[in-house]
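Take a look at the structure below.
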Amino acid sequence: MTDWLGMTPNPRDPRPELRARVLGRAVRPSRRGRWVWRAAAAALVLGIAGGGAYWARGTIAALSADRDRLAAELAAVRDTLGFVRGPATRVAWVPVTTNGRLGGVTIFADSANRRWLVRCEGMAPNEPGETYQIWFVTEGGMKRAALMTMDPGESTVMAMAFAVPEDVGPVVGAAMSIEPRAGSSVEPRGPMVFHLRL
Amino acid sequence: MTQPKRLSQEDERTLVRRLKARDEGALAELYDALAPWVLGLASRILQDDAEAEEVLSDVFVQVWGRIHQHEPARGPLVPWVLSIARNRALDSLRRRRRWWRKAERWGATVRLEDDGTVPTPDPAEAAVPGWPVHQEVHAALAALPVDQRRVVLLAYFEGLTHSEIARRTGQPLGTVKTRLRIAHGKLTEALRHVKDWLR
């Protein structure tokens, strides 16, 4: 029972004025405790405000990204519609057979703005190391227009818009050939997929 | 001289219940009964009046704030309060940066008690509540052989570890442990009947 050893020293009467001070300090809520609570409350408020601000910032950033994406998509749709509806736009559709598969190529050619929109569907994927190459047919021969590579496993529908360069001159038709993956720089060398006059 | 009156265990339970019910009057009663002992214990450990009064204040703040932690089943209220006082005083002692300088100053006192001498009860204090327990504790300590009493006092009042006591006394660690174990058993036996707080 060593707990009782605390009574070994002789008792000492505290100074009388200590009594009120000690009892007063004991029963009143501690100043430190109040500060702890205040600090905790302030930290909580700051935490909530900070969390709210962080959430709002993240939400605003996500919504801004969505808005930008939708705006870009809308602009693309508007551009495509403007392209299709343009008074100088001619449309040509040509059936093609690639590797035994029947597909088609649709060409929207805007001669006023010198822009083309080419849409391919149902075409066979390219062999490894090969690509489809589109050509402008001009009075001066064929000029390279664009490469449209169709890899296995990808969608069989592909669309591409591109400009007709000024140095190409008047375009009278379109053609597509199968070329090495890097494309042919001067004239078609591989098998022709189609050749048509617009 | 006022004859000490016995506060039964039932009275003590009532006091604890009142304290738990936030009865400030009960705290004042406890202060009146225990403050001299708490201050005496703190002074004995710290040898500094100002610090001892600080401990006295801290002890009653802690008692008031943590009375719900006191479990009567684990022991009476008074030793619980005194253990708080001892721990507070030892904490203060350990924190004190000028411990070693102080040690020089109270070396004479310590050395006296290092020899196992228990301070003689002051007859003028006989009217203080709890005096009979004080005398019984003294008697139990006095009944211990000097070597055992010495290690008990070093452990209790200076908070020294077994190794520190061994270094201080120049005794092997195993001897210190054995003496403490035997002394603890004797004190437990001698004070087993002390259950009521006396006033």
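Okay, here's what the table says:
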| read-out | value |
| --- | --- |
| From the C-alpha gyration tensor of the stretch A:50-198, square roots of 5λ in Å | 36, 21, 14 |
| Pairwise FRET efficiency - A:ALA39 versus A:ALA71, Cβ, R0 = 35 Å, nearest 0.05 | 0.15 |
| Test item: B:37-50 mean partner chain Cβ contacts at 10 Å | 4 |
| Per-residue average of Cβ from other chains inside 10 Å of B:59-65 | 4 |
| Hz values of 3J(HN,Hα) by residue in the stretch A:180-190 - Karplus curve (6.51, -1.76, 1.60), Gly and Pro given as x | x, 3, 7, x, 9, 8, 10, 8, x, 10, x |
| Mean projected area (nm²) of the alpha-carbon convex hull when the protein assembly as shown is viewed from all directions | 40.4 nm² |
| Acute angle (nearest 10 degrees) that the helix A:16-27 long axis makes with the longest principal axis of chain A, alpha-carbon atoms | 30 degrees |
| Computed [θ] at 222 nm, helices only, for chain A once each DSSP H run of length n ≥ 4 contributes -39500 (n - 2.57) | -12500 deg cm²/dmol |
| Cα-based helix-to-principal-axis angle, A:31-85 vs chain A, degrees rounded to 10 | 10 degrees |
| Where N is the number of residues in the stretch A:81-153, Cα Rg divided by 2.2 N^0.38 Å | 1.22 |
| In order through the stretch B:152-157: 3J(HN,Hα) via Karplus (6.51 cos²θ - 1.76 cosθ + 1.60), integer Hz, x for Gly, Pro | 5, 5, 5, 6, 7, 8 |
| Spatially proximal aspartates and glutamates relative to B:LYS177 (Cα-Cα < 18 Å; intrachain offsets below 8 disregarded) | B:ASP114, B:ASP115, B:ASP147, B:GLU158, B:GLU164 |
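Here, each number is a calculation from the coordinates, and none is a lab measurement. Every value quoted in this text rests on a predicted model; they were computed, and no experiment measured them. Cβ atoms come from the backbone with ideal geometry, glycine included; neighbour counts cover every protein chain shown.
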